[in-house]
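The values are calculated or read from the model by the stated rules, or taken from the named source; none is laboratory data. The shown structure was predicted, so the numbers you read here are calculated from the model rather than taken from an experiment. Positions of Cβ are generated from backbone atoms using ideal geometry, with glycine treated the same way; all protein chains shown enter the neighbour counts. We work out accessible area using only protein heavy atoms, side chains counted, and drop any ligands, DNA or RNA first. Shrake-Rupley method; radii C 1.70, N 1.55, O 1.52, S 1.80 Å.
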Protein chains: 2
Amino acid sequence: MQTWQGLLQGYRDWLPITEKTPNLTLCEGNTPLIYSDRLSDRVGANVYFKYEGLNPTGSFKDRGMVLAVAKALEEGSKAVICASTGNTSASAAAYAARSGIPSLIVIPHGYVALGKLAQALIYGARVLAIRGNFDQALEFVRRSAEHLPVTVVNSINPYRLEGQQTAAFEICDALSEAPDRLCIPVGNAGNISAYWKGFKAYYSKQKTSSLPKMCGFEAEGAAALVKGQAIPHPETFATAIRIGNPASAHLAMQAVNESGGTIDFVTDDEIRSAYQLIASEGVFAEPASAASVAGLLKLHEGGRISRDETIVCVLTGNGLKDPDSAVKTSAVEPLVIDADEAQVTMALERML
Amino acid sequence: MQTWQGLLQGYRDWLPITEKTPNLTLCEGNTPLIYSDRLSDRVGANVYFKYEGLNPTGSFKDRGMVLAVAKALEEGSKAVICASTGNTSASAAAYAARSGIPSLIVIPHGYVALGKLAQALIYGARVLAIRGNFDQALEFVRRSAEHLPVTVVNSINPYRLEGQQTAAFEICDALSEAPDRLCIPVGNAGNISAYWKGFKAYYSKQKTSSLPKMCGFEAEGAAALVKGQAIPHPETFATAIRIGNPASAHLAMQAVNESGGTIDFVTDDEIRSAYQLIASEGVFAEPASAASVAGLLKLHEGGRISRDETIVCVLTGNGLKDPDSAVKTSAVEPLVIDADEAQVTMALERML
């Protein structure tokens, strides 16, 4: 067992890396592929979780960010900048910190609780709040690169998707073949596009002999791709995919269509129930992650899963990112009794 | 690159595993060893972080728990039980969930905010709150195994330390040798004991040619080993090591003495400052984890670090476990300005 040295070294030949690209890493990638006994039984197939929550900052974003920040350094940037309040800003801040350059985060003033930014802040991000909305914040971020020596690491940065391909490589490496089907949450639609690119890259170099059906699942209240139009006010419990106007809509639909897959939505109740189901097998994922499993169950109920398929459900982030959802979802009152041995033994016996 | 299959498979020959031990895993272990440029520069040595926060439940406890629960299954137990409100209960609940058996948690009624238990609860733990104190809860847990088919997975379970040895193995495997010095937080004193056992096991089988100096660091307000007596009311910001009467005190002192290491305490201010220092390199650890780095800096200031030593600082848990500390520690108000391009550009320029 060789020690894992991170994505830029582990998948060097598959990424746009030059001799001048610094070997930046926080040991991202190499995340677990965990067999799910119960889901496999339930749908009559071989189901795995790709648990991206064990990336350094707790989400899949680290795969693209490590490459985006490394290329920024290679190109002489003095800072990275993004408009984000969630996983993207946390990841950008961590890799900027690791590189010794500042990370700048632009947010709309008054719309974001500072607690959401705690992770980015502890890594040292510098935050600018503008009196405007999120779209304006993003627009200022885009334009900033015209005036300042900074690199935008929002999803318009092309290296993000290049880096995110590596999750597909890891799945194929672990299974020694591509899975038959990939189930994946869809928010901004970049990740499904990146996986597809990765599966196709491996296939075209004969590393695998087949391609998976790409099955993307949006939250019902943010189902822009399913409905074929932007959702002005997206709403869902799964905050990480609460996106009404996916940046990579076109690429995502191409992945679904080329692969013979499907795009569908799942309800918040289905997501919540899948969130608990995943935890009940010992894997704690962010609510948005559960859209992949909720989607698989919906496909199964529709009779669309074949016997003995190999299926990978992508769990995009760590449940520890969102402790409030865990508290709300699992709110059970403990049984309270006196400190008396007979009573305690009886109570414990009943709990078995 | 072979895919990591977890500790029971990865270190099978080094653990008390039989043919009947189930191959339980959530892909624990195989955690990053991250070189710290800045700490290395500052102390004039080669300093690494062993980042245990990327274990499945976010702490080093998973290493011992996977073995403890696997052995419980092997021995026919119907449940696991512990008195804990933190990392131990989270880990026990996850592996019990994975195994399909209940996890029972006994806590003193009224002393524990339910939020602290959120992680264990989402994994499906069943909680009994007794009208008594923590020591009574632990005593009931110990006695429960006399009456019921349950296995206690508190630190009295001997497989916990056996499993925790694997972190020492991984460090030696990654460095192709033992480090010169290990810096590690000390709370219940089990982890330092387990690492020492692991380093000695590798040394005795000629996997390494030397042994590290074991340097353990308690929080000042919970420094039972340093002061040589139990602390009735331990207090520290680093809650995971707020323990006044370490269960493995004897083994820990043996590790320190046999290895020519040191046991010392660090102040909450030193821990807080180290917590930020670690994050400023892109690694987000629990406050208690930072005791190892605070301790290294204290040794350095005392002139006790030699040039070019190889030093590993153990970061025991993920910072996402304790978002409140991150919010409090990094509480900076963002700069607020109007949505005007010239102003935004000027503000960003000043932030570079």
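Points to keep in mind about this one:
- A:Ile278 at the interface with chain B (Cβ under 10 Å from one of its Cβ atoms) and in a helix (DSSP H, G or I): yes
Conditions (1) over 17 Å from A:Leu104 (Cβ atoms); (2) more than 10 Å from every other protein chain (Cβ to nearest Cβ), marked per residue:
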| position | (1), (2) |
| --- | --- |
| A:Thr25 | yes, no |
| A:Glu28 | yes, no |
| A:Asp41 | yes, yes |
| A:Ala45 | yes, yes |
| A:Asn55 | yes, no |
| A:Phe60 | yes, yes |
| A:Glu75 | no, yes |
| A:Ala79 | no, no |
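- In the set (1) among the β-branched types (Val, Ile, Thr); (2) open to solvent by 20 Å² or more (accessible area, probe 1.4 Å); (3) facing chain A (nearest Cβ under 8 Å), B:Val127 fails one condition alone, (2).
- The combined condition, being without any contact (Cβ under 8 Å) to a residue 60 or more places away in the chain, in a strand (DSSP E or B) and not polar (S, T, N, Q), is fulfilled by A:Ile130.
- Of the residues making up the stretch B:325-344, those that are surrounded by 16 or more Cβ atoms within 10 Å (Cβ to Cβ) and either more than 9 Å from every other protein chain (Cβ to nearest Cβ) or part of a helix (DSSP H, G or I) (or both) number 5.
- If the condition is being assigned to a helix (DSSP H, G or I), more than 30 Å from A:Leu26 (Cβ to Cβ) and among the small types (Gly, Ala, Ser), then the stretch B:236-258 contributes B:Ala249, B:Ala252.
- Pairs, first assigned by the TED database to the domain that holds A:Cys313 in the stretch A:185-205, second assigned to a loop (DSSP other than H, G, I, E, B) and among the aromatic types (Phe, Trp, Tyr), C-beta under 8 Å, six or more apart: A:Asn191/A:Phe60
- Test: B:Gly44 is in the same structural domain as B:Ala288 (by the TED database) and under 22 Å from A:Ala285 (Cα atoms): no
- Looking only at the stretch A:130-167, and only at residues there that are open to solvent by 70 Å² or more (accessible area, probe 1.4 Å) and within 23 Å of A:Val314 (Cα to Cα), the one that is nearest to the other protein chains (Cβ to nearest Cβ): A:Ile156
- Tallying residues that are closer than 29 Å to A:Asp37 by Cβ, outside any helix (DSSP H, G or I) and open to solvent by less than 10 Å² (accessible area, probe 1.4 Å) within the stretch B:102-122 yields 4.
- Annotation note: of A:Asp322, A:Asp308, A:Asp269, the sole residue that is more than 7 Å from chain B (Cβ to nearest Cβ), open to solvent by less than 50 Å² (accessible area, probe 1.4 Å) and among the acidic types (Asp, Glu) is A:Asp322.
- Highlighted here are the helices (runs of 4 or more DSSP H) found entirely within the stretch B:1-101 that include at least 1 residues which are at pLDDT 95 or above and surrounded by 24 or more Cβ atoms within 10 Å (Cβ to Cβ): B:7-10, B:61-74, B:87-99.
- Residue satisfying all of: in the stretch A:284-305; out of contact with any strand residue (DSSP E or B) (no Cβ under 6 Å at 6 or more places or on another chain) and open to solvent by less than 30 Å² (accessible area, probe 1.4 Å); farthest from the other protein chains (Cβ to nearest Cβ) among these: A:Leu299
Yes or no, residue by residue, for (1) among the small types (Gly, Ala, Ser); (2) out of contact with any Pro (no Cβ under 6 Å at 6 or more places or on another chain); (3) surrounded by 24 or more Cβ atoms within 10 Å (Cβ to Cβ); (4) in a loop (DSSP other than H, G, I, E, B):
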{"position": "A:Ile184", "(1), (2), (3), (4)": "no, yes, yes, no"}
{"position": "A:Tyr202", "(1), (2), (3), (4)": "no, yes, no, no"}
{"position": "A:Ser210", "(1), (2), (3), (4)": "yes, yes, no, yes"}
{"position": "A:Cys215", "(1), (2), (3), (4)": "no, yes, yes, no"}
{"position": "A:Ile231", "(1), (2), (3), (4)": "no, yes, no, yes"}
{"position": "A:Pro234", "(1), (2), (3), (4)": "no, yes, no, yes"}
